[in-house]
Amino acid sequence: MILQKEMIANLFDELSSASDTGKKVVYTFVPGNLSELILAFDMLPVYPEINALQSGMRKMSGEYIREAEKYGYSEDVCTYVKCDIGMMLKGNVGPTGKKLPDPDLLLLSYTGCFTFMKWFENLGKLYPNAEIAMLHTPYQENGKITPEMTEYMVKQLREEVIPKMEKVSGKKLDEEKLKQVLEHAVKTEDTITNIFDLTKNVPSPIDAYFAGVYYIGPINIGFRGTPEAVEYYNELYKEIDYRAKQGLGPITPEGEMEEKYRLVVEGPPNWTSFREFWKLFYDHGAVIVASSYTKVGGVYDMGFRHDPARPLESLAEYCMNCYTNLNLIQRTDLLAKCVTDYKADGLLVNSIKSCNSFSAGQLLMMRTIEERLEIPVGFIESDLVDPRYFSYSNLKNRLDSFFQMLEQRRIIRDPAEVAS
Ligand code: SF4
């Protein structure tokens, strides 16, 4: 925690002094992020979704969303977008209380969510001096990445993205530097995979959703590819491995947890009432052992690694492998594999009102997994950062019924253990 706080504070300090140091600033997205290229050009990243979720956790998103709605954004627009635009309209003060610099480059890496395009189209109007570069990622319609798809993306990197980055930074791409950054990225990807593998232990030493979203912070906000991230994830692995070896359960804001149920969760969490939301699971002894949301910045557990020997090709493959760029069959298979590999008792879907990208097809995926694996499944609804859509009693009622269903299965499956 100390290391992560230091890393993030340093990044925001660097951002707030960018106009003095002359460092160029890139606004970009978590899925399909080109961290390694940004680092190779010595530029600084800003992730609007991260600012939005931080504003949600700090109870500021409601005000930003209202500001964006006053400006003309409809109630149906993704609340990350409205929170980001509202924050910008209110002076663009970031999560650490310091003003964020305007972007020099809007790097739109498009990985399956159409909102990304509309979001940056709007930012393009609000920041007319910023350069815009777009990288289009072809959807994995047939569940495969073909050589043509990779070639198409590498061409865009060479002809569109890198030239714009060279123009904005005033530097030529240093291919040797990019390779070194990619070497660090591979180490980080190996370690984070090993960390999330530890939740296969019974009991799981961590909660892979509520704590997992915290652990993926550095890898998703621009540190993948840095020596700091390698160190951070090595330290994190040591701590969690220790807990696993001692047979300890997850630490939560309410205290240490005793594992009763193991769940896989699909969909992002609610950020505005994060602690109350987590407590609903804590109260029932439900530990999340795997989640799709911790894979939005990269699906490393399915084997993808950046490759310093094929730098641009592997950047392209990284984008194409993003969770939001997988088709429904791939997502279903991935969730089913998680249920099996992590010995989960059930699957829960948290459907997000304003996120079409995640919500489309969730019911179908849930029913398919229910039939295929014969496990209890549950469906709840909330929102990312709009506090108007977090209904505590609704969620509690639905979760109570879901946990009753899990308990019934437990009694049927293992009556002796339940009785004891
Ligand atoms: S719709 Fe969902 S995936 Fe798309 S930008 Fe909003 S939160 Fe992200």
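The values are calculated or read from the model by the stated rules, or taken from the named source; none is laboratory data. None of the values given here were measured: they were computed from a predicted structure. Counting neighbours? That spans all protein chains shown, and the Cβs are built from the backbone with ideal geometry, glycine included.
Here are a few things to note about the model shown:
Yes or no, residue by residue, for (1) within 16 Å of the ligand (Cβ to nearest atom); (2) assigned to a helix (DSSP H, G or I); (3) touching a Leu at 6+ places or on another chain (Cβ under 6 Å); (4) modelled with pLDDT of 95 or more:
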site	(1), (2), (3), (4)
His306	no, no, yes, yes
Glu313	no, yes, no, yes
Lys337	no, yes, no, yes
Ala344	no, no, yes, yes
Ile375	no, no, no, yes
Val385	yes, no, no, yes
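- In this structure, Glu176 qualifies as part of a helix (DSSP H, G or I) and either without any contact (Cβ under 8 Å) to a residue 60 or more places away in the chain or of a type in the set (A, V, I, L, M) (or both).
- Residue that is under 17 Å from Ser169 (Cβ atoms) and part of a helix (DSSP H, G or I), where the choices are Glu6, Glu36: Glu36
- Taking first residues from the stretch 350-369 that are in contact (Cβ under 8 Å) with a residue 24 or more places away in the chain and farther than 14 Å from Ile380 by Cα and partners that are more than 7 Å from the ligand (Cβ to nearest atom) and assigned to a strand (DSSP E or B), the Cβ contacts under 6 Å between residues at least 6 apart in sequence or on separate chains come to Ile369/Leu347.
- Among the residues of this structure, Tyr64 does not count as one that is touching a strand residue (DSSP E or B) at 6+ places or on another chain (Cβ under 7 Å), closer than 21 Å to Leu126 by Cα and modelled with pLDDT of 95 or more.
- Residue under evaluation Glu63, criteria (1) in a helix (DSSP H, G or I); (2) of a type outside the set (A, V, I, L, M, F, W, C); (3) within 16 Å of the ligand (Cβ to nearest atom), criterion not met: (3)
- Qualifying residue in the stretch 224-237 (condition: surrounded by 23 or more Cβ atoms within 10 Å (Cβ to Cβ), touching a Phe, Trp or Tyr at 6+ places or on another chain (Cβ under 7 Å), aliphatic (A, V, I, L, M) and in a helix (DSSP H, G or I)): yes
- In the stretch 102-128, the residue that is nearest to the ligand (Cβ to nearest atom) out of those that are aliphatic (A, V, I, L, M) and not in a helix (DSSP H, G or I) is Leu108.
- Residue identified as farther than 16 Å from Leu384 by Cβ and part of a helix (DSSP H, G or I) among Phe277, Phe281: Phe281
- Test set (1) modelled with pLDDT of 95 or more; (2) in a loop (DSSP other than H, G, I, E, B); (3) under 18 Å from the mean Cα position of the chain (by Cα) - Gly297 fails condition number: (1)
- Output for the stretch 39-59, where each listed residue is away from the ligand (no atom under 16 Å from the Cβ), assigned to a loop (DSSP other than H, G, I, E, B) and touching a strand residue (DSSP E or B) at 6+ places or on another chain (Cβ under 9 Å): Phe41, Met43
- Members of the stretch 140-189 that are of a type in the set (S, T, N, Q) and within 27 Å of the chain's Cα centre (by Cα): Gln140, Asn142, Thr146, Thr150, Gln156, Gln180, Thr188
- Flag for Ala133 being within 14 Å of the ligand (Cβ to nearest atom), without any contact (Cβ under 8 Å) to a residue 40 or more places away in the chain and in contact with a helix residue (DSSP H, G or I) (Cβ under 9 Å, 6 or more places away or on another chain): no
- Matching residues in the stretch 131-172 - criterion: being closer than 16 Å to Cys319 by Cβ, assigned to a helix (DSSP H, G or I) and among the hydroxyl-bearing types (Ser, Thr, Tyr): Thr150, Tyr152
- Lone qualifier among Ala316, Ala286 - being over 30 Å from Glu183 (Cα atoms), out of contact with any Gly (no Cβ under 8 Å at 6 or more places or on another chain) and buried (at least 23 other Cβ atoms within 10 Å of the Cβ): Ala286
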